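The values are calculated or read from the model by the stated rules, or taken from the named source; none is laboratory data. Everything numeric here is computed off the predicted structure, so don't read it as measured data. Here Cβ is always computed from backbone atoms with ideal geometry, including for glycine, and neighbour counts include all displayed protein chains. Keep in mind that these areas ignore ligands, DNA and RNA; they rest on the heavy atoms of the full protein, side chains included. Shrake-Rupley method; radii C 1.70, N 1.55, O 1.52, S 1.80 Å.
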Amino acid sequence: MNFVPDDKRITEIDMGTKIIGTGSCLPETVVTNDDLSEIMDTSDEWIRTRTGIRERHLAKDETTAGMSAEAARRAMDNAGITAQDIDLIIAGTVTADHVVPSCACEIQAAIGAEHAVAFDINAACSGFMFALNIAHAYLQTGVYKTALIVGAETLSRIMDWNDRSTCVLFGDGAGAVVVQRTDHGGLLAFDQGSDGVRGSVLSCANRTNNNPLAETSRQLEYVHMDGQEVYRFAVTTVPASVIKTVEEAGLTVADIDYFVLHQANARILQAVAKRLKLSEDKFPISLDHCGNISAASVPVLLDEMNRQGLLKPGMKIAMSGFGGGLTWASAVLEW
Ligand code: COA
């Protein structure tokens, strides 16, 4: 999908959206698979062979907004801008510290981005990608010039730590990028979608109604997942969305230098690489040391790659997020 309207009176529409800085922040505490096997019936062998995860960072005192603000500061530093330059802050998260204020408003306050408008979006593991695509739409209209996009989660607070089939998979952390309007390159195409009918395969219920008329209990629920259904969804939807986006950008998958995909499971990445008939070398991995950090996984991986010097100007990068909702979103950009 491209925001190029028939109406050419909107003269700034040729502008693109470029990532000019990245940052990330993970909790200090690292929990290995062996650590988990001391508190539940699991093993390093089971987790590693089925998922590729070795360890994850879990929050002790860290908060979603606190990690986000630190990731944002690092991204602003990397971009060479100040908080005063930011017009728009969008945070993708399902684990904001408060229902209100939003995580994005808390980030705004923490970094002092007083000129920005700030709001959250809930698209689960696709949250960062949805936020990026929303910012792209705003930037292309000329409404805003510089946006801070954050993906952040403290998933450990919504896990059922008695359910070994889910809690071993996830971690906590935050990633951020600064994007700016540009007159060449940047985001070339995107695709996004939702399938609410299949939403129950990955869910986490909110608090139930507690008003005096309600007959329901106050129980809060934890993440519930049908792992095999989610796996099937991922290995069919992600390759299709990536191919569609790459073609929309006027490229082929062979032109793409890196596929920066949501880090849910190494087997999903391998299956996508196989469907695209590409080497797994083009699919960088952070899930081995982060686990699945939902909306944070794509920006954290992007930041790691950026800091390792892997991303060079002109490179073509495909990114894709997928998860609860169900939701998915992909983008192709020129770095
Ligand atoms: N440690 C040890 N054993 C475990 C375990 C754990 N942490 N979790 C589950 N098991 C056991 C199960 O109880 C089951 O035992 P049983 O055969 O005696 O009943 C066995 O392992 C197999 O469980 P199953 O659920 O069939 O495993 P699987 O091969 O489907 O792998 C996932 C499970 C979750 C790794 C896999 O389905 C998956 O990756 N799905 C995608 C999930 C995902 O990526 N979600 C996020 C998307 S955003």
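Some points to look at:
- Lys, Arg +1 and Asp, Glu -1 on Cβ, resulting dipole of segment 7-184 about Cα centre, debye, nearest 20: 640 debye
- Note on Asp41 and Glu247: the model spin-label points, each 7 Å out from Cα along the C-beta direction, lie 4.8 nm apart.
- Over all orientations, segment 188-334 has a Cα convex hull whose mean projected area works out to 10.4 square nanometres.
- Axial C-alpha extent at least 24 Å, average Kyte-Doolittle at least -1.0 - helices from the chain (DSSP): 227-248
- Charge-dipole axis of segment 25-109 as Lys and Arg at +1 and Asp and Glu at -1 on Cβ define it, positive-most pick from Leu36, Ala72, Ile86: Ile86
- Under 14 Å from the Cα of Lys316 - aspartates and glutamates, other chains or at least 8 residues apart: Glu247, Glu248, Asp255, Asp257, Glu334
- Looking at segment 153-237, the GluC sites (Glu not before Pro) that sit in a DSSP loop and have at most 15 other Cβ atoms within 10 Å of their own Cβ are Glu215, Glu221.
- Alpha carbon centroid spacing (whole Å) that separates segment 79-158 from segment 209-281: 21 Å
- When the alpha carbon gyration tensor of segment 252-335 is reduced to an equivalent ellipsoid, its three semi-axes come out at 18, 15, 13 angstrom, largest first.
- Lys244 contributes about 110 Å² of solvent-accessible surface, heavy atoms of the protein only, 1.4 Å probe.
- Solvent exposure of Asp281, expressed as accessible area, is near 130 Å², computed with a probe of 1.4 Å over the protein chains only.
- Computed about the Cα centre, the dipole magnitude for the chain is approximately 660 debye when only Lys and Arg (+1) and Asp and Glu (-1) carry charge, each at its Cβ.
- Per-residue accessible area (protein heavy atoms, 1.4 Å probe) orders Tyr258, Tyr231 as Tyr231, Tyr258, starting from the largest.
- Counting only protein chain heavy atoms and rolling a 1.4 Å probe, the accessible areas of His98, His136, His184, His57 rank, largest first, as His184, His98, His57, His136.
- The reciprocal of the average 1/r between distinct C-alpha atoms defines the Kirkwood hydrodynamic radius, which for segment 7-184 equals 17.2 Å.
- Alpha carbon Rg of the chain, scaled by the compact-globule rule 2.2 N^0.38 Å: 0.96
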